[in-house]
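Peer 1: Handing you a structure now.
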Amino acid sequence: MTEVTRFTHGSRIPGWDDAVDPDKAPAPVPDAATTPVPAELRQEIEAEMAKYPVSRSALIPALHAAQRVHGWCSPEAIEQVATVMGITPGEVAAVATFYDMFETKPVGRQTIYVCTNISCSLRGGDKILAAMKAAAEGDADFNIRGFECLGACDMAPMASVNGDFVGPLEPADCAQIVSDLKGGLEVIPSKQLRARPCADPAGNVAVTSNEGGQS
Amino acid sequence: MSAILFDRIDEPGLNDIAVYEKRGGYEALKKALTVPTAGIIEELKASGLRGRGGAGFPLGTKASFIPTADIDKYLVCNADESEPGTFKDRELMQKNPHLLIEGMIIAAYAVGANRSFIYIRGEYELQANILEEAIAQAKASGYIGENILGSGFSLDLVLHRGAGAYICGEETGLLDSLEGKRGNPRLKPPFPANQGLFQGPTLINNVETLATIPPILRMGGSEYAKLGVENSAGTKLVSISGNVQRPGNYEIELGMSSRDIIYGLAGGPDEGRTVKFWFPGGSSSPVLTADDLDLAYDFDTLAKAGTMLGSGAIIVVDDTNSVVDVALTLASFYKHESCGKCTPCREGTTWTVKMLQRIQDGEATPMDLDIISSVQEQIIGNCLCVLGDAMAMPVSSLVTKFRAEFEEHIEAARERNGLGMTPPPASEEPALSL
């Protein structure tokens, strides 16, 4: 019988082809006594856990917090979250690998998501991604990713720079963004979402004082 | 029509509770707390408001499904807004967060939920920070907490940030994610109204739907129902993007002509270009062409035209774009976002991308188009949620409506590749002489 080669197409699950030891028992809930957790991180996770009737709900906020501390969801970060939350590292890793914003490999601290979904790609989103990558070429401090729709198609093509939405971008803006980040400046303030008025003319009617109601 | 949700939306400082209260904010809540809960649900039913997140299910009916028994019940606001082309909730939350919060408190009171959550997509950091601040203000003013305004009703409201997954906009995927798991959709039934978050009855609604509740109570349900057209009451926030001159959010009265929205409000495509096709309700809706521009923009008219109003996101594609590029961008997105739980979606999205890539690379034959279409048919209706359908519907509509262009593209790409003409169909092949 010919042997069927499996998974030759690859899988979308990150780390699916990492070497594993099949004889190894699943990791238990880490022992709090032997797993040091930074006090601030522990406090933040515990505060999140207290918000929910079932503390497991705090797992995503906890991973956000751990990623802020460690830069990515490293095995150490996962271990620490598991320790505080009292679940196994496997359960934490399963969640961390599911969501796009959690980094499962070490990355640069400057995170830029460039939207390449439909509305942005119709307006040149792919060129922006290429220009952004070129602008930060070789700088390990930058984590530049093509990202799915970020919900800002009105400013397409756009990018999320460390969480701040900027757009509409020209390829030439990319070098500016990268140099602004290197200099610790706010990126292109005039193109930030927070500065953008509503497109609907009805939403910008001057405030009149004679009406009490909203409608 | 005067704006309801976008009423003076850019008023400076509207994020602040004092400014919001000055224009009549939280008055609807004060009034609601004096009315029996059944009365509020009746008002919502009378308004005819249909869910604004995509499915268009009537809000009043959904709220009436929540058991009245005195058990732990939950209210969840779906602020995951990740349907490509949709960005209306973002503007609402960023500029008028208290409108949403007020709507949520009223909705929670109406169904007797004492815990509520806003599940906001992780990428919306600015909006999350604004909401967090607004929730703190509402708590300080006694609108959220124990015994709200002396009514005996108590409510907790927690803002929960997601971490980037389209599937978490699907209500049951969202609930799993909110429980700290991977966002895999659940089998329905049981529906969330019976068994949702933490196994309790859960009312889950979109941001825009919940934010419409205070205006409805202020106007009266029957007055609100006069806006719009039959079976599509009220106003709708429409996000217009793609190849238009003035992309953005606009509040329209349902039933408005699509041409007036695309050309009148958004300015249409750039000078010298024409609309090739458009998505009427987010990237998941089957496309319409320039011939359909005079359709009225409401739930029933679009459903009759074989598509849907969805989240109210219009994406316009002009004649300079290749239909193959758009189909490939779309399919790649759904492939990336498929959670992998159901085989038809996981495999269907993957193979659709591979086949479209073959077309792009000049390795395909027109027969591939038939296979693409049959794959889409096998996805639709065969999964726990509609993510697979959300790819299958627009992709199959593109292949059906633009088949000639796909075939031309296949021929041209083969030519470029040096593969020459497409082999003729088997029946016309000359018999081999042995």
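None of the figures in this text is laboratory data; all of them are computed from the coordinates on show. From a predicted model like this one, the values you see are computed outputs, not experimental measurements. Here the Cβ is made from the backbone with ideal geometry for all residues, glycine too, and neighbour counts use every protein chain on show.
Peer 1: Between the stretch B:258-300 and the stretch B:62-119, how many Å separate their Cα centres?
Peer 2: After rounding, the separation between the Cα centres reads 30 Å.
Peer 1: In whole angstrom, note down how far apart the Cα centers of the stretch B:130-202 and the stretch A:68-125 are.
Peer 2: Spelled out, the Cα-based centre of one part sits 23 Å from the other.
Peer 1: Still on this model: Among B:Leu227, B:Ser322, A:Asn117, whose Cα projects farthest towards the positive end of the dipole of the protein assembly as shown, with charges put on the beta-carbon of Lys, Arg (+1) and Asp, Glu (-1)?
Peer 2: Result: B:Leu227, furthest along the dipole toward the positive end.
Peer 1: So, one more: Work through the residues other than B:Arg273 whose Cβ is under 11 Å from its Cβ and net out their charges, Lys, Arg +1 and Asp, Glu -1.
Peer 2: With Lys, Arg at +1 and Asp, Glu at -1, the net is -3.
Peer 1: For chain B, place one equal point scatterer on every Cα, skip the solvent, and apply the Debye formula. What is log10 of I(q)/I(0) at q = 0.07, 0.10 Å⁻¹?
Peer 2: The computed values of log10 I(q)/I(0) come out as -0.37, -0.71.
Peer 1: Would you work out which of B:Pro344, B:Ala404, B:Ala266 lies farthest towards the positive end of the dipole of chain B, given +1 charges on the beta-carbon of Lys and Arg and -1 on that of Asp and Glu, about the Cα centre?
Peer 2: Value: B:Pro344.
Peer 1: Let me ask something else about it. Using the Cβ atoms and a cut-off under 15 Å, what net charge is assigned to the surroundings of A:Glu79, where Lys and Arg are +1 and Asp and Glu are -1?
Peer 2: Working: positive: A:Arg42; negative: A:Asp31, A:Glu76, A:Glu91.
Neighbour charge sum, excluding A:Glu79 itself: -2.
Peer 1: When a/c is below 1.5 the answer is rounded, else prolate if a/b is larger than b/c, else oblate, so apply that to the protein assembly as shown with a ≥ b ≥ c taken from the square roots of the Cα gyration tensor eigenvalues. Mind showing how you got there, number by number?
Peer 2: On the way: a/c = 1.55, a/b = 1.20, b/c = 1.30.
It comes out oblate by the Cα gyration axes.
Peer 1: Further question on the same structure: Once amide H atoms are built 1.01 Å from N in the peptide plane, which residues 5 or more positions from B:Ala193, or in another chain, come under 5 Å H to H?
Peer 2: Result for B:Ala193 returns B:Thr202.
Peer 1: Which whole number of Å³ per residue matches the convex hull of the alpha-carbon atoms in the stretch B:323-417?
Peer 2: 72 Å³
Peer 1: Subtracting the Cα-Cα distance from 0.36 nm times the residue separation, let me have the gained length for B:Lys139 to B:Lys188 in nm, one decimal.
Peer 2: 14.1 nm
Peer 1: Which net charge results when you count Lys and Arg as +1 and Asp and Glu as -1 among the other residues whose beta-carbon is under 9 Å from that of B:Asn249?
Peer 2: Around B:Asn249, the surrounding residues sum to -2.
Peer 1: Using the basic label-point model (7 angstrom from Cα toward the beta carbon), what is the A:Ala33 to B:Asp300 distance in nanometres?
Peer 2: 7.1 nm
Peer 1: Counting only helical runs of four or more DSSP H residues, what would the 222 nm mean residue ellipticity of the protein assembly as shown come to if each run contributes -39,500 (n - 2.57) and the total is spread over all its residues?
Peer 2: Values: 24 runs with 243 residues, N = 649.
Calculated from helices alone, the mean residue ellipticity at 222 nm is -11000 deg cm²/dmol.
Peer 1: In addition: Only Cα pairs under 8 Å and at least 6 apart count here; give the relative contact order of the stretch B:305-384 as a rounded whole percent.
Peer 2: 29 percent
Peer 1: In whole Hz, what ³J(HN,Hα) sequence does the stretch B:86-92 give by Karplus (6.51, -1.76, 1.60; θ = phi - 60°), x for Gly and Pro?
Peer 2: 9, 8, 6, 5, 4, 5, 5
Peer 1: Tell me which residues come under 5 Å, amide H to amide H, from B:Lys276 once H is placed; ignore anything under 5 positions away on its chain.
Peer 2: HN-HN under 5 Å from B:Lys276: B:Val317, B:Asp318, B:Asp319.
Peer 1: Additional query: Taking θ = phi - 60°, what integer Hz values does the Karplus form 6.51 cos²θ - 1.76 cosθ + 1.60 yield along the stretch A:188-201, in sequence order, with x for Gly and Pro?
Peer 2: 5, x, 5, 9, 7, 4, 5, 8, 8, x, 5, 6, 6, x
Peer 1: Write down Rg/Rh for the stretch B:17-225, rounded to two decimals, with Rg from the C-alpha atoms and Rh from the Kirkwood relation over Cα pairs. Please report the intermediate quantities before stating the final value.
Peer 2: Working: Rg = 15.6 Å, Rh = 16.8 Å.
That ratio is 0.93, to two decimals.
Peer 1: In addition: When only alpha-carbon atoms are used, what values of Rg and Dmax, in angstrom, describe chain A?
Peer 2: 22.1, 86
Peer 1: Report the dimensions of the stretch A:39-96 along its three principal axes from the alpha-carbon atoms, largest first, rounded to Å.
Peer 2: The Cα atoms of the stretch A:39-96 stretch 28, 23, 15 Å along their principal axes.
Peer 1: Taking a cut-off of 21 Å between Cα atoms, list the lysines near B:Lys30, but don't count ones fewer than 8 places away on the same chain.
Peer 2: Output for B:Lys30: B:Lys22, B:Lys45, B:Lys139.
Peer 1: Counting Lys and Arg as +1 and Asp and Glu as -1, each charge on the Cβ, what is the dipole of the stretch A:110-195 about the Cα centre in debye, to the nearest 20?
Peer 2: Taking the Cα centre of the stretch A:110-195 as origin, the dipole is about 120 debye.
Peer 1: Looking only at Cβ-Cβ distances, which cysteines of chain A have no other cysteine closer than 4.7 Å?
Peer 2: Cysteines lacking a close Cβ partner in chain A: A:Cys73, A:Cys149, A:Cys153, A:Cys174, A:Cys198.
Peer 1: Relative contact order for chain B using alpha-carbon pairs under 8 Å, separation at least 6, rounded to a whole percent?
Peer 2: That works out to 15 percent.
Peer 1: So, one more: Just the Cα atoms of the stretch B:228-318: what Rg and Dmax do they give in Å?
Peer 2: Cα-based Rg and Dmax for the stretch B:228-318 come out at 11.7, 37 Å.
Peer 1: Around B:Asn206, which amide H atoms from residues at least 5 apart in sequence, or from another chain, sit under 5 Å from its own amide H, with H modelled in the peptide plane?
Peer 2: B:Arg52, B:Gly53, B:Asn78
Peer 1: Based on C-alpha coordinates, I'd like the Rg and Dmax of the stretch B:137-226, in Å.
Peer 2: Spelled out, the Cα radius of gyration and Dmax of the stretch B:137-226 are 16.1, 43 Å.
Peer 1: Name the most mobile residue of B:Pro189, B:Pro366, B:Pro58, meaning the one with the largest mean-square fluctuation, in a Gaussian network model of chain B with Cα contacts below 10 Å.
Peer 2: B:Pro189
Peer 1: When the Karplus curve 6.51 cos²θ - 1.76 cosθ + 1.60 is applied with θ = phi - 60°, which whole-Hz ³J(HN,Hα) does each residue of the stretch B:363-370 get, with x for Gly and Pro?
Peer 2: Per-residue couplings from phi come out as 10, 8, 10, x, 4, 4, 5, 5 Hz.
Peer 1: Would you mind getting the Kirkwood hydrodynamic radius of the stretch A:110-195 from its Cα pairs, rounded to one decimal in Å?
Peer 2: Here the Kirkwood hydrodynamic radius works out to 12.3 Å.
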